[in-house]
Each structure stands twice: as structure tokens, then as C-alpha cells.
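Visitor: Structure below; questions to follow.
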Amino acid sequence: MPLLLAFDTATPHLAVVLSEGSHPVAWREDPGAGRSHAEQLNVRIAEVMEEAGVPLEKLDAVAVGTGPGSYTGLRIGLSAAKGLCFAMGKPLIGMGTLDVLLAQYLEAGGLVPPGDILMPMVDARRMEVYTRAFDRGGRPLGETAPLILDGDWCGSRDRTVRTHVFGDGADKAAGLWAGHPAIVHAAGIRPGVAGLARCAADCFARGRFSDLAHLVPEYGKPANVAGKRGRE
């Protein structure tokens, strides 16, 4: 089975895993890494490889979460992955963070009846999230887009099927979900070790490799940057 190093820095949750196929061998997780990804990521990678007793040169590929999520976090993760792949001549795998969240939910044993919809959500501040709908087989039902969570959106959901919501974006709206029984909230799901290993192995098996020079983060929406006004 392929040896795969995978990590995601799109959210405050930092996860690094070395896996044989989809089976995790060694890993590190820090749910509150937040703004310290730049200091922690390479340290955690070194710890994981040392614990497994595997030199980086033995890797078959490096996989990284490409977002949507934190602008700074995504750049840190992608830069690290590209640097490793360039230095060692290894294939690069870019994985959507929502896909990693979806895999984590399914690995956690979430029961999904036929027809139900899965919506992983990444926090985009205030009551906005980045999300994408999937069926229970993991097939996307639309494009990734920002969404404002409110009563109108909840009321617009089809009540004949259940919508499963999870991720840090869903967790912040726990009070909202309570009033809508057709929306199933699974708390505490993050882009973690099991999801990373499953996604990386699936991409490797399908030959879904990314172009080292052209892979860019999926920010979800343009950065809101205001320039300083010049003196008149």
C-alpha cells in the first residue's frame, strides 16, 4: 500500500497523518492550533515521520487540504506540501477541505439513509460558512459556495429528507438547528486524521494528482482587503 503524508491547515484544527493507504500509522492533532500553524506544521510532520521510523524519501505522495478556509492557513499548508514534493520529486495531491470533513464524518460512523443530504461546513465568521452539498455516496450535488445560516435557509430545506450538517461552521449554529428537526447536527467533526487518510488514499488510488506549479488554495471567496486612503 502507498505511504502517504497528509495534512490540513484550513481551519484552527491542525492534523498531520502518515498512512499506509487509508490506514493511519502515525499522526498528530491539535484542535486549537489556530494562528500557530506556521510554527507547528513542520514540527508535527517531523514528529510523525520520526515516530513511524520512515524517512520522507520513502513517501509515495504528499496530500494537503486546499480549502476553503483560512487564507493564511491555506497558504502555509500548500507551501509546505509543495516544498516537500518539489524537493523530493513526489506527487502532490490537493484535497478539498469539505471533502476531508465529509470523509471524517463517514469514518465516524454517521448513519445516512438513502436520499439524505450531507453538508460539511467550514466557519467563515459571523453566521457565514463555506459549504457544499453531497449525497450519502460522497457525490457532490452542487458547487462550493459561501452561505449565511439563518432561519430562512433552514426553512427552505426539503423536509422530506434530512440534511446532515457538521464542521466548525455547523457547530457555531447549534441553537439554530435545534428548531429544525429535518436538519441533523453532528457536533465536533473536524478535518482530522481518519478523514485525511481516507481522502488521500482515495485520490491516490484514482490517480487524482495535482499540478505542482499550478495548484492554488480554494479560498471560497475573495479576500476583503481595503487599501489605505492616500492624502489629497
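Visitor: Looking only at residues in the range 97-112 that are touching a residue at least 24 places away in the same chain (Cβ under 8 Å) and among the small types (Gly, Ala, Ser), which one is farthest from residue 70 (Cα to Cα)?
Guide: 110
Visitor: Now for a separate question. Checking the conditions here, which among 141, 74, 111 is surrounded by 15 or more Cβ atoms within 10 Å (Cβ to Cβ) and not charged (D, E, K, R)?
Guide: 74
Visitor: Out of the residues in the range 158-172 that are assigned to a loop (DSSP other than H, G, I, E, B) and closer than 20 Å to residue 32 by Cβ, which is nearest to the chain's Cα centre (by Cα)?
Guide: Result: 167.
Visitor: So which residues in the range 6-54 are polar (S, T, N, Q) and within 14 Å of residue 76 (Cα to Cα)?
Guide: 9, 11, 36, 40, 42
Visitor: Let me ask something else. Examine the range 29-45 for a residue that is touching a residue at least 40 places away in the same chain (Cβ under 8 Å) and closer than 13 Å to residue 195 by Cβ, and state whether such a residue exists.
Guide: Yes, that holds for at least one residue.
Visitor: Of the residues that make up the range 17-24, is at least one part of a helix (DSSP H, G or I), of a type in the set (Gly, Ala, Ser), surrounded by fewer than 20 Cβ atoms within 10 Å (Cβ to Cβ) and in contact (Cβ under 8 Å) with a residue 12 or more places away in the chain?
Guide: Scanning the range 17-24 turns up no residue that is part of a helix (DSSP H, G or I), of a type in the set (Gly, Ala, Ser), surrounded by fewer than 20 Cβ atoms within 10 Å (Cβ to Cβ) and in contact (Cβ under 8 Å) with a residue 12 or more places away in the chain.
Visitor: Which residues, taken from the range 69-123, are farther than 23 Å from residue 185 by Cβ, among the aliphatic types (A, V, I, L, M) and in contact with a helix residue (DSSP H, G or I) (Cβ under 9 Å, 6 or more places away or on another chain)?
Guide: 74, 76, 80, 84, 87, 88, 92, 93, 95
Visitor: Among (1) on the phi < 0 side of the Ramachandran plot; (2) buried (at least 23 other Cβ atoms within 10 Å of the Cβ); (3) out of contact with any Lys or Arg (no Cβ under 6 Å at 6 or more places or on another chain), where does residue 79 come up short?
Guide: Only one criterion in (1) on the phi < 0 side of the Ramachandran plot; (2) buried (at least 23 other Cβ atoms within 10 Å of the Cβ); (3) out of contact with any Lys or Arg (no Cβ under 6 Å at 6 or more places or on another chain) is unmet by residue 79, namely (2).
Visitor: Filter the helices (runs of 4 or more DSSP H) completely within the range 37-153 down to those with at least 3 residues that are farther than 28 Å from residue 213 by Cβ and over 18 Å from the mean Cα position of the chain (by Cα).
Guide: So the answer is 37-52.
Values quoted throughout were computed directly from the atomic coordinates according to the rules given, and no laboratory measurement underlies them. Source: prediction; values computed, not measured. Virtual Cβ from ideal backbone geometry, glycine too; neighbours counted across all protein chains shown.
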